[in-house]
Amino acid sequence: MSPIKTIKTMNVQTVVTQPFRDQKPGTSGLRKKVPVFRQPHYLENFIQSIFDSLEGLTGKTFVLGGDGRYYNRQAIQIILKMASANGVGRVLVGQAGILSTPAASCIIRKNQAFGGIILSASHNPGGPEADFGVKYNIGNGGPAPEKVTSAIFERSQVIDSYKIIEAGEINLDQLGSQQLGGMTVEVIDSVADYTELMESLFDFNQISQFLKSGQFRMCMDSLHAVTGPYAQAIFEQKLGASAGTVKNGMPLEDFGGGHPDPNLVYAHDLVEIMFGDHAPDFGAASDGDGDRNMILGQNLFVTPSDSLAILAANANLVPGYKNGLAGVARSMPTSGAVDRVAEKIGIDCYETPTGWKFFGNLLDADKATLCGEESFGTGSNHVREKDGLWAVLFWLNILAVRQQSVEDIVKEHWKTYGRNYYSRHDYEGVEIDKANILMENLRSLLPELAGKEYGQYKVKYADDFSYTDPVDGSVSEKQGIRIGFSDGDRIIFRLSGTGTQGATLRLYVESYEPDANKHKQDTQAALSSLITLADEIAQIKNTIGREKPTVIT
Ligand code: G1P
Ligand code: ZN
């Protein structure tokens, strides 16, 4: 980097800078290691690129907060000074810099803010050498669509200066208004607006009676991440669940050294409790920034794809959705379980590329009410992000009404709709070149795959998923390789767009079994021949040199 040159205008400094080549936002914002973000000008360049790509931000309101990970507070101070220098009128900041991703979305919408900046690397680990991230959300409360993120990236590639004011630090712990140059900073309660929104959707009285009845025990693991204060306020204080219901409820900068990802591998403490002796009736976990969820019953893991289908099938039991669903949407690799519910109740079901941003238009146009991804993301039109605690409350509301165990509800669902056996195999930290070769080889195979037979499997279609947004007509290509078989089974290959180290290859495997008498089988066993076939077609072991996946969910 060249030496800093500053030109002082009042207390606004214009700092000369040069572009960083690697500021292309991925599936969910810009994610890099903390040391990358802490390089001189790195964060500033990206933030200025955001401001430069927005038209008419002068005097407008923005929302700012993060999941509390390492570097959250420092980044907030920098962003506030830059917002002021760029003419922003008001910024609403979560107390202590804390806002879960769904709460930020809720606050943007409630205040009709121009947009918001969320600081998070979601479920990736935190700490001085771990991950950090910056995501821009637009006025509907949802992640910026591709045309906005592309504009930000393009700007970042030619940026030559950024603006920042010279000022002291804002006190982020004290609620209320403070002045920063010409801009007002309002430090707001991180939890209140979100709690109010949840109360408007779910039957808090019924859930509360159920939780206090003494016949039902739940365990919520916040994994030392952002939902701790939200979960304590909602489950323990508001709904009266017993003290200690929320575990690991104190947000820590490094998430206690853990990996704040609510799946069977990383939320192992909760998994041990729920699969152990005297397990509670219901278990749930959420991720770093609170948008993901995992749902467990006694000795039972509910796949996110099944969870979405079950919420859709039971939505009429929940006050906020009792008037019916406009439609449902799922990402392409998510299992087709929800499709069967949509078919039965006669509503549309949309298949979108991976990433929550693709649901935004469908929600805005009221084409879909519930959305979900296999990656532990579920949500609705109440905000424009997936929402972990919302999913937990939705399940609690269903359980309180139906007074059945999680297992009974899931098994009844399978009996009615059939079971979509589903699993994702992740190969993390793969050499980028090898991962690209694997994908390119697969792409070149596609034209000759259709009609090909592999033992019991006959390929019905093989393509690279392309999506045309039904609302604005925008086209997103190369969204994952799909190989579908004539009996409805599917295998899908994608490279992750959120990793920060090497490449992550994701293999998604799905098989549908309508016969309830055959539903007892273990998932990996039920899918084993498809998994073997996936390796045969893609030559995973040979190409990336891995014997087995890093994480299986
Ligand atoms: C992953 C998930 C995707 C989710 C995203 C953000 O993206 O697969 O469903 O929307 O994280 O939470 P990926 O790493 O696969 O690009
Ligand atoms: Zn997340």
Can you find even one residue in the stretch 238-253 that is more than 16 Å from ligand 1 (Cβ to nearest atom), under 24 Å from the mean Cα position of the chain (by Cα), surrounded by fewer than 21 Cβ atoms within 10 Å (Cβ to Cβ) and closer than 20 Å to Phe202 by Cβ? yes
From the option list Pro40, Pro3, single residue qualifying as assigned to a loop (DSSP other than H, G, I, E, B), on the phi < 0 side of the Ramachandran plot, open to solvent by 10 Å² or more (accessible area, probe 1.4 Å) and at pLDDT 95 or above is Pro40
Given (1) within 11 Å of ligand 1 (Cβ to nearest atom); (2) surrounded by fewer than 24 Cβ atoms within 10 Å (Cβ to Cβ), Cys371 misses just (2)
The residue that is nearest to ligand 1 (Cβ to nearest atom), considering only those in the stretch 476-489 that are more than 21 Å from Lys357 (Cβ to Cβ) and either in contact (Cβ under 8 Å) with a residue 60 or more places away in the chain or open to solvent by 50 Å² or more (accessible area, probe 1.4 Å) (or both), is Gly488
Checked the stretch 17-37 for anything within 19 Å of Leu64 (Cα to Cα) and either among the polar types (S, T, N, Q) or assigned to a loop (DSSP other than H, G, I, E, B) (or both); matches are Pro25, Ser28
(request) With respect to Lys520, determine if the residue is outside any strand (DSSP E or B), without any contact (Cβ under 8 Å) to a residue 60 or more places away in the chain and within 27 Å of Leu30 (Cβ to Cβ). (result) no
Of (1) within 15 Å of ligand 2 (Cβ to nearest atom); (2) not in a loop (DSSP other than H, G, I, E, B), Gly283 satisfies every one except (1)
All-but-one check, Thr504 against (1) under 25 Å from the mean Cα position of the chain (by Cα); (2) farther than 30 Å from His413 by Cβ; (3) away from ligand 2 (no atom under 16 Å from the Cβ); (4) assigned to a strand (DSSP E or B), failing number (3)
Scanning the stretch 63-86 for residues that are open to solvent by 10 Å² or more (accessible area, probe 1.4 Å) and under 18 Å from Gly181 (Cα atoms) gives Gln77, Ile78, Lys81, Ser84, Ala85, Asn86
*Scanning for something within 16 Å of ligand 2 (Cβ to nearest atom) and free of Cβ contacts under 8 Å to residues at least 40 places away in the same chain, does the stretch 292-306 turn up at least one residue?*
no
Of (1) outside any strand (DSSP E or B); (2) touching a residue at least 60 places away in the same chain (Cβ under 8 Å); (3) away from ligand 2 (no atom under 16 Å from the Cβ); (4) closer than 27 Å to Asn293 by Cα, Ala391 satisfies every one except (3)
Counting only strands (runs of 3 or more DSSP E) entirely within the stretch 142-241, those with at least 3 residues that are within 20 Å of Ile108 (Cβ to Cβ) and not small (Gly, Ala, Ser) are 183-188
In the stretch 62-116, anything assigned to a loop (DSSP other than H, G, I, E, B) and either away from ligand 1 (no atom under 16 Å from the Cβ) or free of Cβ contacts under 8 Å to residues at least 24 places away in the same chain (or both) is listed as Gly68, Tyr70, Tyr71, Asn86, Gly87, Val88, Gly89, Leu99, Asn111, Gln112, Ala113, Phe114
Condition set under 12 Å from Ala309 (Cα atoms) and of a type in the set (D, E, K, R), scope the stretch 320-368, selection surrounded by the most Cβ atoms within 10 Å (Cβ to Cβ): answer is Arg330
Residues of the stretch 100-115 being touching a strand residue (DSSP E or B) at 6+ places or on another chain (Cβ under 9 Å) and either open to solvent by 10 Å² or more (accessible area, probe 1.4 Å) or away from ligand 2 (no atom under 15 Å from the Cβ) (or both), in sequence order, are Ile107, Ile108, Asn111, Gln112, Ala113, Phe114, Gly115
Taking the stretch 445-475 and keeping residues over 18 Å from Ser486 (Cβ atoms) and either in a loop (DSSP other than H, G, I, E, B) or open to solvent by 80 Å² or more (accessible area, probe 1.4 Å) (or both) leaves Pro447, Phe465, Ser466, Thr468, Asp469, Pro470, Val471, Asp472, Gly473, Ser474, Val475
How many residues of the stretch 355-367 are at pLDDT 95 or above, outside any helix (DSSP H, G or I) and in contact with a strand residue (DSSP E or B) (Cβ under 8 Å, 6 or more places away or on another chain)? The answer is 1
Within the stretch 279-300, the count of residues that are hydrophobic (A, V, I, L, M, F, W, C) and over 17 Å from Glu412 (Cβ atoms) comes to 5
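This table checks each residue for (1) of a type in the set (S, T, N, Q); (2) within 16 Å of ligand 1 (Cβ to nearest atom); (3) surrounded by fewer than 24 Cβ atoms within 10 Å (Cβ to Cβ); (4) under 20 Å from Met250 (Cβ atoms).
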site	(1), (2), (3), (4)
Asn263	yes, yes, yes, no
Asp277	no, no, yes, no
Pro280	no, no, yes, no
Ala285	no, yes, no, yes
Arg292	no, yes, no, yes
Gln298	yes, no, yes, no
Pro304	no, yes, no, no
Ala309	no, no, no, no
Asn316	yes, no, yes, no
All conditions in (1) within 16 Å of ligand 2 (Cβ to nearest atom); (2) in a strand (DSSP E or B); (3) more than 17 Å from Phe46 (Cα to Cα) are true of Gly133 except (3)
Q: Kindly establish whether Lys322 is farther than 16 Å from Glu373 by Cβ and of a type outside the set (Phe, Trp, Tyr).
A: yes
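The values are calculated or read from the model by the stated rules, or taken from the named source; none is laboratory data. Because the structure is a prediction, the values reported are computed rather than measured. FYI the Cβ positions are ideal-geometry reconstructions off the backbone, even for glycines, and counts take in every protein chain you see. SASA here: full protein model, heavy atoms, side chains in, ligands and nucleic acids out. Shrake-Rupley method; radii C 1.70, N 1.55, O 1.52, S 1.80 Å.
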